[in-house]
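Values quoted throughout were computed directly from the atomic coordinates according to the rules given, and no laboratory measurement underlies them. A quick note: this is a predicted structure, and the numbers were derived from the prediction, not measured. Ideal geometry is used to build each Cβ from the backbone, glycine not excepted, and the neighbour counts take in all protein chains shown.
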Amino acid sequence: MAVLPIRVFGDPVLREVCPEVKEIDESVEALVRDLTDSLPRPGGAGLSANQVGVLKRVFVFEDQGEVRACINPRLLSVSEETGEELEGCLSLPGVAVPVPRHLAVVVEYMELDGSTRRLEVEGWLARVFQHELDHLEGRLILDRTDRESRVQAIQYLQGEAAIEGH
């Protein structure tokens with residue numbers, strides 16, 4: 001169990017597609033514990049494996065105070081209706097950009113015990129699932145927002161990196 005550093009914008013691992021987990025073994029169980037320990041609370045809705053530098057198709061999310069793991073998650077269906085809200089990301093500290101998302105999704109994933117779970121989620125939790133699934137595909141909220149918001153966010157992030165470098 002460890003609190004791992006969260007990778008930030010510019011780290012190439014954030015752009016990697018995470019391969020599926022072949023078997024749930026001790027390394028996956030340890031990864032889930034580390035992700036759970038590393039998820040800031042309050043303030044973190046979810047955390048994907050590649051955000052801590054591990055290329056596995058795993059993320060954790062907080063649901064009503066409980067942190068749960070999703071292994072090999074996939075979207076089964078999405079609502080036609082979408083909504084745009086400001087969205088932040090632990091890998092883009094200080095940035096919030098408008099991101100359109102489906103208002104409801106059906107997801108399927110494995111739990112740590114190997115069982116398959118199917119969830120229909122809407123609202124905030126649907127947004128969290130889509131955000132974390134994007135991470136597992138190597139996508140960031142910058143890829144989903146409008147051009148002006150993306151440019152402003154990147155300028156902000158590059159300015160922060162320049163300040164930290166001095």
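Brief remarks on what is shown
- Cleavage-rule hits, GluC sites (Glu not before Pro), the stretch 36-121, DSSP coil, Cβ neighbours within 10 Å at most 11: Glu80, Glu81
- The phi-based Karplus calculation (6.51 cos²θ - 1.76 cosθ + 1.60; θ = phi - 60°) puts the 3J(HN,Hα) values of the stretch 46-59 at x, 8, 9, 4, 5, 6, 10, x, 10, 8, 9, 7, 9, 9 Hz, whole numbers, x for Gly and Pro.
- Here r is the Cβ-Cβ distance between Ala96 and Glu120 and R0 is 22 Å; the resulting FRET efficiency, rounded to 0.05, is 0.20.
- Estimated dipole of the chain in Debye, rounded to 20 [Cβ of Lys and Arg +1, of Asp and Glu -1, Cα centre]: 280 debye
- Stretchable slack from Val78 to Gln64, in nm (0.36 nm times residue separation minus alpha-carbon distance): 2.8 nm
- Dipole-positive endmost among Ala49, Ser149, Cys70 within the chain (Cβ charges, Cα centre): Ser149
- Note, ³J(HN,Hα) from phi for the stretch 17-34, Karplus 6.51, -1.76, 1.60, rounded to Hz, x at Gly and Pro: 7, 7, x, 5, 6, 7, 8, 8, 10, 4, 5, 6, 4, 5, 4, 4, 4, 5
- If you bin all the Cα-Cα distances of the stretch 7-104 at 5 Å, starting from zero, the percentages per bin are 2, 12, 19, 22, 24, 15, 5, 1, 0.
- Here the residues Thr116, Thr36, ranked from fewest to most Cβ neighbours within 10 Å of their Cβ, fall in the order Thr116, Thr36.
- The Kirkwood radius of the chain, taken over pairs of alpha-carbon atoms, gives through the Stokes-Einstein law at 20 °C and 1.002 mPa s a diffusion coefficient of 132 µm² s⁻¹.
- Computed from backbone phi with θ = phi - 60° and the Karplus coefficients 6.51, -1.76 and 1.60, the 3J(HN,Hα) list for the stretch 92-99 is 10, x, x, 10, 9, 10, x, 10 Hz; x is used for glycine and proline.
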